[in-house]
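So the structure is just underneath, and the comments pick up after that.
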Amino acid sequence: MDLGLKGRRAVVTGGSKGIGRAIARAFAREGADVVLVARSPAEVEEAADAIEAEFGTRALSVAADVATSEGCEAVIGASAEAGGADILINNAGTGSNETILDAADEKWLAYWNLHVMAAVRLGRGLAPQMQGRGGGTILNNASICAVQPLWYEPIYNTTKAALMMLSKCMATEFVPMGIRVNTVNPGLIRTPDWEKTARELAGSEWENYLQSVADEHAPIRRFGSVEELADVFVFLASDRASYCVGGTYFVDGGMLRTV
Ligand code: NDP
């Protein structure tokens with residue numbers, strides 16, 4: 001299936017590793033240029049260089065903290081300089097671990113900035129670029145936890161639920177501009193971050209630990225790979241998904257327990 005992504009430009013936040021890097025690779029494989037964003041300059045540069053070498057498309061790196069307005073401005077500026085964005089993937093994010101009784105306001109606000117305000121600021125800043133190029137697509141990577149919480153991470157659950165609502169509102173506001181906005185809710189996706197957590201919790205038994213997590217939560221009894229998830233993002237960002245607007249797409253191996 002030709003996804004028609006050749007020559008498009010996709011901005012991917014959190015593009016240096018894990019899911020974001022796989023999404024950027026999948027866009028590059030389809031012939032799209034990519035703009036990778038992450039805080040660590042060395043890591044994001046390495047990821048962009050590797051993608052450019054592997055696929056021969058243009059891959060830019062922007063070292064920026066998207067939880068700040070300055071960081072988002074840097075991304076918007078770099079994208080404009082490159083010629084403008086057609087696609088925005090709001091993917092940068094991370095899990096949490098706290099109780100509501102103990103968590104300080106600062107922690108709530110940090111996650112609000114990372115999971116919600118980054119999408120507000122980047123959506124607001126990049127939408128005019130997309131419109132100027134004839135339309136575009138925004139995908140917000142929330143989580144199954146936005147609707148089916150894991151109880152140890154109330155801040156993560158709450159801010160990802162807010163991202164889903166933002167996505168819905170943005171979809172309605174932006175569709176007259178020719179910009180489609182949707183949410184993707186992944187379940188258990190195997191990333192370096194999960195492997196690190198498993199090593200910390202279970203030492204040499206970390207692989208068994210990951211299997212036990214999959215057995216407990218996902219009827220398919222395994223984690224998804226970043227590539228399996230990236231393919232869904234790329235399809236939804238393409239014109240082949242042209243009637244998908246304001247939706248939420250679960251990629252979770254059956255983990256969602258409701259219809
Ligand atoms: P990783 O920790 O593997 O990667 C996170 C990426 O985001 C890195 O590139 C990191 O680079 C970047 N990043 C983090 N904070 C910022 C910031 N403030 N500004 C810019 N970049 C940032 O995460 P995953 O790939 O596992 O997760 C990606 C997204 O998918 C997250 O939003 C997560 O909530 C969501 N998700 C993941 C699931 C999973 O099972 N893995 C399941 C459901 C949702 P750097 O540190 O250098 O900034």
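Would you be able to say whether some residue in segment 76-92 is touching a residue at least 40 places away in the same chain (Cβ under 8 Å), surrounded by fewer than 17 Cβ atoms within 10 Å (Cβ to Cβ) and closer than 22 Å to Trp112 by Cβ?
No: zero hits.
Cβ contacts < 9 Å: first residue on the phi > 0 side of the Ramachandran plot, restricted to segment 21-46; second residue modelled with pLDDT under 95 and part of a strand (DSSP E or B), any location; separation 6+ or different chain. Result?
Close Cβ pairs satisfying both conditions: none exist.
Here are some residues: Ala142, Ala214, Ala218. Which one is small (Gly, Ala, Ser), within 15 Å of the ligand (Cβ to nearest atom) and either farther than 14 Å from Val251 by Cβ or modelled with pLDDT under 95 (or both)?
Answer to the selection: Ala214.
Could you check segment 86-96 and list, in sequence order, the residues that are in a loop (DSSP other than H, G, I, E, B) and hydrophobic (A, V, I, L, M, F, W, C)?
Ala92
Return the residues of segment 157-183 that are farther than 24 Å from Gly253 by Cβ, not in a helix (DSSP H, G or I) and not charged (D, E, K, R); say none if nothing qualifies.
Hits for segment 157-183 are Gly178, Ile179, Val181.
Being farther than 18 Å from Ala64 by Cβ and small (Gly, Ala, Ser) is the filter here, so list the residues in segment 29-53 that pass it.
Gly31, Ala32, Ala50, Ala53
Please go through segment 27-47 and pick out each residue that is out of contact with any Lys or Arg (no Cβ under 9 Å at 6 or more places or on another chain), over 18 Å from Gly93 (Cα atoms) and either of a type in the set (Ser, Thr, Tyr) or within 15 Å of the ligand (Cβ to nearest atom) (or both).
Listed by number, the residues that qualify are Ala42, Glu45, Glu46.
Could you say which residue among Ala63, Ala32 is of a type in the set (Gly, Ala, Ser) and either surrounded by fewer than 23 Cβ atoms within 10 Å (Cβ to Cβ) or modelled with pLDDT under 95 (or both)?
After applying the criteria, what remains is Ala63.
Scan segment 122-149 and report the pairs whose first residue is within 16 Å of Gly247 (Cβ to Cβ) and whose second residue is charged (D, E, K, R) and crowded, with 20+ Cβ neighbours inside 10 Å, with Cβ atoms within less than 6 Å and a gap of 6+ or a chain change.
Matching pairs, first to second residue: Thr137/Arg180; Ala142/Lys160; Ser143/Lys160; Ile144/Asp252; Ala146/Lys160.
Restricted to segment 98-152, and to residues that are buried (at least 20 other Cβ atoms within 10 Å of the Cβ) and part of a loop (DSSP other than H, G, I, E, B), which residue is nearest to the chain's Cα centre (by Cα)?
Only one residue tops the list, namely Ala142.
Sort through Val245, Val234 and tell me the only one that's more than 14 Å from the ligand (Cβ to nearest atom), under 30 Å from Gly132 (Cβ atoms), among the hydrophobic types (A, V, I, L, M, F, W, C) and surrounded by fewer than 18 Cβ atoms within 10 Å (Cβ to Cβ).
The match here is Val245.
Report, by residue number, each residue of segment 93-113 that is polar (S, T, N, Q) and either more than 15 Å from the ligand (Cβ to nearest atom) or touching a residue at least 60 places away in the same chain (Cβ under 8 Å) (or both). If you could, list the steps in order and put the result at the bottom.
Here is the first cut: in segment 93-113, the ones polar (S, T, N, Q) are 94, 96-97, 99, 113.
Thr94, Ser96, Thr99, listed by residue number.
On the given criteria, is Ile23 part of a helix (DSSP H, G or I), β-branched (Val, Ile, Thr) and either touching an Asp or Glu at 6+ places or on another chain (Cβ under 7 Å) or under 22 Å from Asp193 (Cβ atoms) (or both)?
Working: part of a helix (DSSP H, G or I): yes; β-branched (Val, Ile, Thr): yes; either touching an Asp or Glu at 6+ places or on another chain (Cβ under 7 Å) or under 22 Å from Asp193 (Cβ atoms) (or both): yes.
When the stated conditions are applied, Ile23 passes them.
Which of the residues belonging to segment 154-202 are touching a residue at least 60 places away in the same chain (Cβ under 8 Å), more than 12 Å from the ligand (Cβ to nearest atom) and of a type in the set (Val, Ile, Thr)?
Scanning segment 154-202 gives Thr172, Val175, Val181.
How about segment 38-60: which of its residues are of a type in the set (S, T, N, Q) and surrounded by fewer than 17 Cβ atoms within 10 Å (Cβ to Cβ)?
Within segment 38-60, Ser40 is the sole residue that qualifies.
Please go through segment 50-85 and give me each residue that is closer than 13 Å to Val11 by Cα, away from the ligand (no atom under 15 Å from the Cβ) and in a loop (DSSP other than H, G, I, E, B), ordered by number.
Listed by number, the residues that qualify are Arg58, Gly83, Gly84, Ala85.
The values are calculated or read from the model by the stated rules, or taken from the named source; none is laboratory data. Keep in mind the model is a prediction, meaning the values are calculated, not measured. Cβ sites come from the backbone with ideal geometry, for glycine too, and all protein chains shown count toward neighbours.
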